[in-house]
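Inspection log for the structure reproduced underneath, given as structure tokens.
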Amino acid sequence: MPYRLLADLVVLVHALFVAFVVLGGFLAWRWRRVAWLHVPAAVWGVLIEYAGWVCPLTPLENQFRTRAGLEGYPGGFVEHYLLPAIYPPGLTPRVQAILGTAVLAVNLFAYGVLLRRLLRGS
């Protein structure tokens, strides 16, 4: 049971990290110091998508699931609602490149607005 809980916790952290990668630039509008954490996270997220790498959280989650005696993602809120968003079916290198470009575009917009505000002195 504790390994299943750890696996679910890893999925939750993974989902929060993905949300931070995509939307963290907007947090920097309010709290500028967030950019020091967000920019490396966003670069990592874009690289993961473009290079087709596997995030280290994925094998960690799978290891916990195996230790819990689970084969898949049956039942539970985390498995049912969050996993399909993190690991969509049909994820191909082309789709990953599109996702990476979307993440890059959102963040370029967020930081473009932030830079414009900084240059105007607001």
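Taking 0.36 nm per residue of sequence separation and removing the Cα-Cα distance, the Leu60/Leu47 pair yields an extension gain of 2.7 nm. Here each label is just a point 7 Å from Cα along the line to Cβ, and for Val95 and Leu27 those points are 2.7 nm apart. Take the alpha carbon gyration tensor of region 1-55, find the square roots of its eigenvalues, order them as a ≥ b ≥ c, and report rounded if a/c is under 1.5; if not, report prolate when a/b exceeds b/c, else oblate. Note, shape of region 1-55 comes out oblate.
Within region 1-27, which residues have the backbone N less than 18 Å from the label spot 7 Å out from Leu104 along Cα→beta-carbon, could you tell me? Answer for this model: 21-25. Here is how the number arises for the chain: DSSP H runs of 4 or more residues each give -39500 (n - 2.57), the sum is divided by the residue count, and the result at 222 nm is -25000 deg cm²/dmol. Placing unit charges on the Cβ atoms of the charged side chains and taking the dipole of the chain about its Cα centre, the candidate lying farthest along the positive direction among Pro40, Trp53, His14 is Pro40. Each Lys or Arg adds one and each Asp or Glu subtracts one; over the other residues with Cβ under 13 Å from the Cβ of Leu6, this totals +1. In the set (i) 167; (ii) 109; (iii) 128, the label that goes with volume of the Cα convex hull per residue in Å³ computed for this structure is (ii). Taking the 1.4 Å solvent-accessible surface of the chain as the whole, the part contributed by carbon and sulfur is 72%. Please determine, in degrees from 0 to 90 and to the nearest 10, the orientation of helix 57-67 with respect to the longest principal axis defined by the Cα atoms of the chain, where the helix direction is its Cα long axis. Approximately 20 degrees, to the nearest ten.
Around the Cα centre of the chain, unit charges on the Cβ atoms of Lys, Arg, Asp and Glu (plus for the first two, minus for the last two) sum to a dipole of about 680 debye. Based on protein heavy atoms only, the chain ends up with 67 Å² per residue of surface accessible to a 1.4 Å probe.
The values are calculated or read from the model by the stated rules, or taken from the named source; none is laboratory data. Quick caveat, the model's predicted, so the values are computed rather than measured. Using ideal geometry, Cβ is built from the backbone for each residue, glycine included, and neighbour counts are taken over all protein chains shown. Note: areas computed on protein heavy atoms with side chains; ligands, DNA, RNA excluded. Shrake-Rupley method; radii C 1.70, N 1.55, O 1.52, S 1.80 Å.
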